[in-house]
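Report on one structure; see the data block that follows.
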Amino acid sequence: MIDTISFRRNLPVGAVGHRALGWWGMWMLIATEAALFAYLLFSYFYLLSQSQNIGLPATPPSLRLALPNTFILIGSSLILWWGERGMRRGRMMRQLAALGLALALGVIFMAVQGEEWRNKTFSITEHAYGSLYFTVTGFHMLHVLGGALMLAALFVWTALGHFNAERNAPITIGALYWHFVDAVWLTIFGSFYLYPYLL
Amino acid sequence: MKDTYDNRTPALSPADDPANAARLRQLWETPPGLRGQLATVDHKIIGIRYLVTAFLFLVLGGLEALMMRLQLAHADQHLLSPAQYNQMFSMHGITMIFLYALPVLSGFSNYLWPLLLGSRDMAFPRLNAFSYWIYLFSGIFIYTSFLAGGGPDSGWFNYVPYTALNYNPGQGIDFYALGMILFGISTTAGSINFIVTVFRTRAPGMSLNRLPILIWGTLTASLGNLLAVPAVSLAFFMLWMDRRIGTRFFDEGGGGDPLLWQHLFWMFGHPWVYAIVLPAMGIVSDGLPTFCRRPLVGYTPVALSTVATMFIGFGVWVHHMFATGLPALSMSFFSAASFIIVIPSAVAVFAWIATIWLGRPVFKVPFLFFASFVLLFVIGGVSGFMTAAVPLDWQLTDTYFIVAHLHYVLLGINVFPVIGGVYFWFPKMTGRLLDERLGRWNFWTLFIGFNLAFFPMHISGLLGMPRRVYTYPAGYGWDTLNFITTLGAFLFAAGVLLFVFNVALSLRRGEIAGPNPWYASTLEWAVSSPPPPYNFAVIPTVASRHPLWETHLPEEGSGRSILDQGAPLAEARETFGVTALDGEPDVILRMPTDSWTPLVMALLLTALGYGALLRNWALCGWVSVGVVGCLLVWLWPPAAPAKTLKYRTMDVRYD
């Protein structure tokens with residue numbers, strides 16, 4: 001424990017990096033959203049184990065669209081990380097390009113996922129599996145949409161010159177959320193697309 | 001906007017510098033008038049709003065309870081129809097457990113936290129305003145069900161299939177389901193705010209082991225809520241989808257399972273029970289020692305047992321489901337966990353008793369409430385311990401014994417500390433003390449009324465009287481007990497009236513309190529009553545758990561807190577950001593000004609709730625666009641100036 005505390009030294013003013021309150025707030029949002037997806041997946045596994053016939057299709061779902069789509073999402077995270085590294089060295093154009101690219105990949109992901117939904121032979125009301133599949137992937141889709149809007153806003157703000165190598169907390173915070181949305185997809189992909197192959 | 005982003009060494013100033021105070025007042029004061037009030041982000045104003053709103057809901061829930069007690073005063077009465085009675089007990093539970101019990105504690109915490117922590121506001125002042133508005137609107141939302149054909153009628157736990165569309169075709173359940181999602185947003189926003197506040201915006205030197213227990217309580221409750229609330233929001237969303245979209249989550253015929261509802265509900269429900277008592281236990285842990293004239297015995301064990309209670313609290317939810325036919329192994333595990341959770345609670349009880357025992361109690365009204373809380377907690381705890389045993393639970397579940405247990409717990413651990421807390425902090429909030437003589441009458445009426453109402457329920461439960469029945473036949477031996485319960489309920493209601501009367505009277509004629517009428521030890525008592533809008537003229541430097549008792553407590557260490565001089569941080573709305581554990585300043589935070597966005601955001605989300613209720617998807621779509629626009633305005637960053645590289649040379653590492 002520190003007995004004497006001194007604040008008589010040079011302190012940054014305002015939102016800076018990981019000292020920004022928003023950075024902490026975003027981690028809290030991620031914690032509660034992670035819990036939400038944990039409960040969604042709990043519902044899926046609970047019904048799989050407890051219910052007589054939840055309507056799981058006889059053959060495991062096709063990976064033809066879902067697997068490439070997963071890589072698209074991972075790629076968008078990597079690009080964002082690359083942009084942030086550049087930004088810390090003052091390369092704001094690279095950051096701008098990374099935000100634009102990540103946003104484009106996010107939009108492609110949503111379009112492909114929409115196609116995936118159209119290809120399904122069951123509906124949300126048909127059986128519990130259908131309800132779960134569309135609700136869980138729907139929740140994720142909403143989060144991708146939210147993340148994409150966030151990236152779009154950050155793109156505009158970066159273009160307007162709101163950020164620089166030192167003052168860029170909103171970008172770091174937004175990127176954190178985007179990485180989280182991608183991580184969530186991996187758990188959904190594992191549960192709904194890969195797990196049935198083990199059954 | 002010169003110097004918006006920069007770095008600087010904070011200036012030092014004496015606390016009583018009038019120029020400084022004037023500048024701070026100009027920066028922080030909410031402008032008068034309705035517009036100022038609607039846009040304010042002052043945590044003290046928001047805290048009092050939370051308290052008043054929660055009390056209004058307490059009165060509403062109390063009126064519903066009185067109607068039920070009139071109905072049950074004698075056998076075979078028909079004041080209420082069975083359908084009306086179902087709505088009464090459902091809305092009574094919803095109102096008390098959701099709309100009163102947590103918000104009232106959030107009210108205390110909102111008002112007190114920045115004062116206890118030695119800072120100027122919560123970490124996210126606008127989010128704070130938003131969480132209040134959406135709480136208020138969610139309560140109104142649920143209550144508007146009465147205007148649209150009837151309220152929810154399946155209990156606060158809302159079990160499927162009672163609530164499935166084919167058994168419950170009205171809209172009451174939809175109001176409840178969507179209203180709870182709005183309420184969950186409020187709780188989550190509030191929890192995030194509390195957690196970040198405690199880790200980031202404290203006074204220099206306020207290390208984690210110097211936090212008042214109230215802060216440990218609310219912090220623990222907030223962490224619990226953060227992880228538990230999504231379960232119930234999701235469950236209610238799924239239920240609404242089952243009812244109005246046609247999904248099959250809880251529909252056995254479609255491969256769903258009604259028990260999934262119970263799991264999700266109680267995974268949330270039991271941590272929630274701790275969320276609505278731990279901050280109240282914190283109120284006692286901080287208030288009681290003030291009236292025992294000594295620090296709390298066992299600060300560290302009490303803080304740790306607070307956290308441990310919540311941790312174990314996530315592993316006991318199945319004890320609400322012992323009668324649903326689960327495997328014996330599962331029941332054994334959850335029964336054992338429910339026994340173990342008694343241990344941290346007992347640690348706290350012994351700490352309170354030891355504090356009274358080793359102190360020199362001053363029998364003021366708050367002391368009466370806090371001390372009686374210990375007794376009621378023990379009674380409620382013992383009846384809870386009894387029902388943790390599976391065989392006994394099978395005998396007692398769904399009887400009035402459980403009703404007695406949960407009311408001893410919820411009124412004993414929530415309402416008594418809350419009213420005691422109002423007696424304790426009313427002088428801080430208003431500058432005037434509540435009347436002591438009226439307060440004693442108030443306490444004894446509540447205490448006797450409460451025990452008269454709820455103790456006999458143990459017996460009527462043991463005699464087999466089931467919960468949630470709208471009437472009962474004579475001759476089962478329940479008649480006298482029920483009549484006594486009804487008398488007690490009305491006596492308790494009289495006590496609440498006395499309390500309201502005391503508040504109304506003392507607001508105008510109460511004795512002037514001064515900064516520290518109870519000679520208490522924590523930082524909120526260092527400032528004037530009521531505190532100025534900026535809380536502290538200079539940010540204090542904290543060196544112990546009891547900054548105002550340091551000269552009397554040699555065993556508390558040699559450190560001396562500094563309250564009479566410090567950093568005024570008066571260049572804009574500013575406060576210190578500190579390191580999470582030690583409380584060492586690492587940034588000067590810019591705090592947001594008053595804003596309309598929180599209110600607009602809450603209105604938009606409420607409109608989204610009504611849109612979903614009416615299944616008006618066009619409305620939902622347009623409102624969603626509004627939500628995005630509102631968020632953009634809310635989060636729009638200030639422009640960064642060209643030169644911000646100076647602080648690269650400073651002595652702390654910038655990462």
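The table for this structure:
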{"read-out": "So B:D251, is it within 13 Å of chain A (Cβ to nearest Cβ), among the charged types (D, E, K, R) and without any contact (Cβ under 8 Å) to a residue 12 or more places away in the chain", "value": "no"}
{"read-out": "Test for B:L56: is it in contact with a helix residue (DSSP H, G or I) (Cβ under 8 Å, 6 or more places away or on another chain) and either over 30 Å from A:P12 (Cα atoms) or within 14 Å of chain A (Cβ to nearest Cβ) (or both)", "value": "no"}
{"read-out": "Residue match in segment B:456-470 (condition: farther than 27 Å from B:R360 by Cα, outside any helix (DSSP H, G or I) and among the charged types (D, E, K, R))", "value": "yes"}
{"read-out": "Index of the failed condition, B:N86 passing every other in (1) more than 30 Å from B:N128 (Cα to Cα); (2) surrounded by 14 or more Cβ atoms within 10 Å (Cβ to Cβ); (3) touching a helix residue (DSSP H, G or I) at 6+ places or on another chain (Cβ under 8 Å)", "value": "(3)"}
{"read-out": "Residue in segment B:198-213 that is in contact (Cβ under 8 Å) with a residue 60 or more places away in the chain, closer than 18 Å to A:T135 by Cα and not polar (S, T, N, Q) present", "value": "no"}
{"read-out": "Filter pass, B:L234 being within 30 Å of B:G421 (Cα to Cα), touching a residue at least 24 places away in the same chain (Cβ under 8 Å) and surrounded by 21 or more Cβ atoms within 10 Å (Cβ to Cβ)", "value": "no"}
{"read-out": "Criterion: within 28 Å of B:F194 (Cβ to Cβ), away from chain A (no Cβ under 14 Å) and either touching a His at 6+ places or on another chain (Cβ under 6 Å) or in a loop (DSSP other than H, G, I, E, B) (or both) - qualifying residue of B:L214, B:L296, B:L288", "value": "B:L296"}
{"read-out": "Filtered residues of segment A:181-196 (kept if farther than 16 Å from A:L132 by Cα and free of Cβ contacts under 8 Å to residues at least 40 places away in the same chain)", "value": "A:A183"}
{"read-out": "Search result, residues across segment A:25-51 that are part of a helix (DSSP H, G or I) and polar (S, T, N, Q)", "value": "A:T32, A:S43, A:S49, A:Q50"}
{"read-out": "Number of positions in segment A:132-181 that are under 16 Å from A:F37 (Cβ atoms), crowded, with 23+ Cβ neighbours inside 10 Å and within 10 Å of chain B (Cβ to nearest Cβ)", "value": "1"}
{"read-out": "Complete set of residues in segment B:610-633 that are small (G, A, S) and touching a helix residue (DSSP H, G or I) at 6+ places or on another chain (Cβ under 8 Å)", "value": "B:G611, B:A612, B:S624, B:G626"}
{"read-out": "Some residue of segment B:278-287 being hydrophobic (A, V, I, L, M, F, W, C), modelled with pLDDT of 95 or more and farther than 19 Å from B:L406 by Cα", "value": "yes"}
{"read-out": "Residues (modelled with pLDDT of 90 or more and either touching a Leu at 6+ places or on another chain (Cβ under 8 Å) or of a type in the set (A, V, I, L, M, F, W, C) (or both)) located in segment B:11-30", "value": "B:A15, B:A19, B:A21, B:A22, B:L24, B:L27, B:W28"}
{"read-out": "Options A:S43, A:S51: the member that is within 7 Å of chain B (Cβ to nearest Cβ), of a type in the set (S, T, Y) and more than 22 Å from the chain's Cα centre (by Cα)", "value": "A:S51"}
{"read-out": "Yes/no for B:V196 being at negative phi and under 24 Å from the mean Cα position of the chain (by Cα)", "value": "yes"}
{"read-out": "All positions within segment B:238-248 that are part of a loop (DSSP other than H, G, I, E, B) and either buried (at least 24 other Cβ atoms within 10 Å of the Cβ) or more than 8 Å from chain A (Cβ to nearest Cβ) (or both)", "value": "B:T247, B:R248"}
{"read-out": "Tally of residues being surrounded by fewer than 18 Cβ atoms within 10 Å (Cβ to Cβ) and hydrophobic (A, V, I, L, M, F, W, C) across segment B:33-44", "value": "2"}
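Here's the yes/no breakdown for (1) under 30 Å from B:R126 (Cβ atoms); (2) of a type in the set (D, E, K, R):
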{"site": "A:A34", "(1), (2)": "yes, no"}
{"site": "A:Y46", "(1), (2)": "no, no"}
{"site": "A:G55", "(1), (2)": "no, no"}
{"site": "A:R64", "(1), (2)": "no, yes"}
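The values are calculated or read from the model by the stated rules, or taken from the named source; none is laboratory data. No experiment lies behind these values; they were computed from the predicted model shown. For neighbour counting, all protein chains shown are included, and Cβ atoms are generated from backbone atoms with ideal geometry for every residue, glycine included.
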